[in-house]
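Chemist: Before I ask anything, here is the structure I am working with.
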Amino acid sequence: MNTQLKEKIYVTKSFMPPKEEYFNYLNQIYQNGQLTNQGPLVKELEEKLSSYLRVKKNFHYVTNGTIALQIALKALGIKNGEIITTPFSYVATTSSILWEKYKPVFADIKPDNFTIDANKIEQVITPNTQAIMAVHVFGYACNIEKIQKTADKYNLKVIYDAAHAFGSNYKGQSLLNFGDISTCSFHATKLFHTIEGGACIVKDDEISKKLDLIKRFGHDGDTHFCLGINAKQSEFNAAMGLANFPYINEIIENRKTISELYDKELEGIIQRPEKQSELQYNYAYYPIVFKNEEELLKVFKALNKEDIYPRRYFYPSLNTLPYIKEKQSCPISENICSRIACLPLYPDLSEESIYKICKIIKNEISI
Ligand SMILES: *Cc1c(COP(=O)(O)O)cnc(C)c1O
């Protein structure tokens, strides 16, 4: 019996670096005895990542992508009020806004690549609007130019939740280089991971200094400058990041190969997002859009029967979260959310599995 075919296939699988390479870094931790508080491995990873992403400075490695968003809001000193955001993302984008006691105001998305519709941002601006929090969802670029223009016109801060954008380049530079602050996530399910982890990339040097204080309780020695929190990352997480670092390009290449095979097998059968011509894509996800929810559920049922588990990314539309009292309508996002899913995508997903997944999808759709 072929046991490989019996293995459960999930939407993603964390990349594991060679054990000895990870253990080498752990040995270094044992030798120098520093476990956290901006230790040498955290510093080394910050340097390597900022050089890989070509951000020269102001790269802050933190404990996760959610706290990265929260301290970004704090460091920018955004006043109480409304933050315009996208309804199509992982819940952390909205929850970080709510957790910091701002009101999320949703602008609907573009049906072609599911990012916030920059033309709709202006329509929801009020005297209480303080900032825009947009997401380069699935690694596709937001309309950066238009968003910046709107922000400049109304004096708003721009935060990009770039949790999916690691390795995506737009007009020759990393997508993490835009906005007042861009944040990233290095969670185990992301393209590049440090088990848990995240980052803030900060444009302004003064804001960067403030964020650096905020992430370590707001003090330097016995002098307390501002209210802070603990967002410092440990040496053990940095060790995983350093062990994964040499494989980034290989991981992206592998994902590209798999995505292209999906493209070939599913061409003309299923709707796919459109990639901007100036985007060098990171292949972080493989989203597909079904005709309707019924078709999605039918395909899921058939795949699940074969122990294949795609995910409904993203569902539900964040404007419909039960703890948001005031109803806001985003018909495009609500419609896309009801019929979009991500297919399994990770470097050692076998060709055989990809053919099998596509065959099941084709079968179910044509019935
Ligand atoms: C994963 C993710 C986050 C949260 O990152 P964590 O590191 O898991 O806290 C935030 N926003 C988006 C869009 C994400 O996908």
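Chemist: Can you name every one of the helices (runs of 4 or more DSSP H) wholly within region 269-367 that holds 2 or more residues which are at pLDDT below 95?
Modeler: 351-366
Chemist: Taking region 24-67, which residues are of a type in the set (Val, Ile, Thr), at pLDDT 95 or above and open to solvent by less than 40 Å² (accessible area, probe 1.4 Å)?
Modeler: Within region 24-67, ILE29, VAL42, VAL62, THR63, ILE67 meet the criteria.
Chemist: Give the residue, chosen from TYR160, TYR140, TYR154, that is free of Cβ contacts under 8 Å to residues at least 60 places away in the same chain and within 13 Å of the ligand (Cβ to nearest atom).
Modeler: On the way: TYR140 fails: free of Cβ contacts under 8 Å to residues at least 60 places away in the same chain; TYR154 fails: within 13 Å of the ligand (Cβ to nearest atom).
Just one listed residue meets the conditions, TYR160.
Chemist: For region 230-246, does any single residue satisfy the condition of being closer than 17 Å to ALA284 by Cα and open to solvent by 10 Å² or more (accessible area, probe 1.4 Å)?
Modeler: The answer is yes; a qualifying residue exists.
Chemist: Quick one: PHE225 ticks every box in (1) open to solvent by less than 10 Å² (accessible area, probe 1.4 Å); (2) touching a residue at least 12 places away in the same chain (Cβ under 8 Å) bar one, so which box is it?
Modeler: Every listed condition holds for PHE225 apart from (1).
Chemist: Identify the residue in region 70-101 that is within 16 Å of the ligand (Cβ to nearest atom) and in a loop (DSSP other than H, G, I, E, B) and, among all such residues, is farthest from ASP161 (Cα to Cα).
Modeler: Applying the filter and picking the extreme gives GLU100.
Chemist: Of everything in region 74-91, what is surrounded by fewer than 24 Cβ atoms within 10 Å (Cβ to Cβ) and not charged (D, E, K, R)? Give them in sequence order.
Modeler: LEU76, GLY77, ILE78, ASN80, GLY81, TYR90, VAL91
Chemist: Right, next: I'd like the residue in region 184-194 that is near the ligand (Cβ under 10 Å from one of its atoms) and among the hydrophobic types (A, V, I, L, M, F, W, C) and, out of all such residues, is most open to solvent (accessible area, probe 1.4 Å).
Modeler: Taking region 184-194 and keeping what is near the ligand (Cβ under 10 Å from one of its atoms), we get 184-190, 193-194.
With among the hydrophobic types (A, V, I, L, M, F, W, C) added as a condition, the list becomes 184, 186, 188.
Values: CYS184: 1, PHE186: 0, ALA188: 24 Å².
That would be ALA188.
Chemist: Sort out which residues of region 248-281 are among the aliphatic types (A, V, I, L, M) and over 21 Å from CYS358 (Cβ atoms), and write them in order of number. Let's see the steps before the verdict.
Modeler: Initial filter on region 248-281 (among the aliphatic types (A, V, I, L, M)): 248, 251-252, 258, 261, 266, 269-270, 279.
Passing the criteria: ILE248, ILE251, ILE252, LEU279.
Chemist: For the structure I just gave you, tell me whether ALA199 is more than 16 Å from LEU279 (Cβ to Cβ), modelled with pLDDT of 95 or more, within 13 Å of the ligand (Cβ to nearest atom) and open to solvent by 20 Å² or more (accessible area, probe 1.4 Å). Explain how you work it out, then say what you get.
Modeler: Values: more than 16 Å from LEU279 (Cβ to Cβ): yes; modelled with pLDDT of 95 or more: yes; within 13 Å of the ligand (Cβ to nearest atom): yes; open to solvent by 20 Å² or more (accessible area, probe 1.4 Å): no.
In short, no.
Chemist: Oh, and also: Might you check whether a residue that is out of contact with any Cys (no Cβ under 7 Å at 6 or more places or on another chain), closer than 29 Å to GLN233 by Cβ and of a type in the set (S, T, N, Q) occurs anywhere in region 142-155?
Modeler: no
Chemist: Looking at the structure I just gave you, is LYS209 out of contact with any Leu (no Cβ under 9 Å at 6 or more places or on another chain) and more than 16 Å from the ligand (Cβ to nearest atom)? Before you say what the answer is, go through the steps one by one.
Modeler: Numbers: out of contact with any Leu (no Cβ under 9 Å at 6 or more places or on another chain): yes; more than 16 Å from the ligand (Cβ to nearest atom): yes.
Taking the combined requirement at face value, the residue satisfies it.
Chemist: What is the one condition in (1) within 16 Å of the ligand (Cβ to nearest atom); (2) acidic (Asp, Glu); (3) closer than 17 Å to LEU45 by Cβ that GLU235 does not satisfy?
Modeler: (1)
Chemist: Being of a type in the set (Asp, Glu) and over 26 Å from the mean Cα position of the chain (by Cα) narrows it down to one of GLU306, GLU278, GLU253, GLU293, so name that one.
Modeler: Selected residue: GLU306, the only one of GLU306, GLU278, GLU253, GLU293 that is of a type in the set (Asp, Glu) and over 26 Å from the mean Cα position of the chain (by Cα).
Chemist: Among the residues of region 334-358, write down those that are open to solvent by 70 Å² or more (accessible area, probe 1.4 Å) and under 22 Å from TYR283 (Cβ atoms).
Modeler: ASP348, GLU351, GLU352, TYR355
Chemist: Also: Consider SER168 carefully, then state whether it is more than 25 Å from GLU82 (Cα to Cα), open to solvent by less than 10 Å² (accessible area, probe 1.4 Å) and touching a helix residue (DSSP H, G or I) at 6+ places or on another chain (Cβ under 6 Å).
Modeler: yes
Chemist: Another question, then. For PRO331, indicate whether it is loosely packed, with under 13 Cβ neighbours inside 10 Å and within 27 Å of ALA118 (Cβ to Cβ).
Modeler: yes
Chemist: Among the numbered criteria (1) in a loop (DSSP other than H, G, I, E, B); (2) within 24 Å of the chain's Cα centre (by Cα), which single criterion is violated by LYS48?
Modeler: With respect to (1) in a loop (DSSP other than H, G, I, E, B); (2) within 24 Å of the chain's Cα centre (by Cα), LYS48 is out only on (1).
The values are calculated or read from the model by the stated rules, or taken from the named source; none is laboratory data. Just so you know, these numbers come straight off a predicted model, no measurement behind them. A quick note on method: Cβ atoms are made from the backbone with ideal geometry, for glycine too, and the neighbour counts reach across all protein chains shown. Just so you know, the surface numbers come from the protein's heavy atoms only, side chains and all, with ligands and any DNA or RNA stripped out. Shrake-Rupley method; radii C 1.70, N 1.55, O 1.52, S 1.80 Å.
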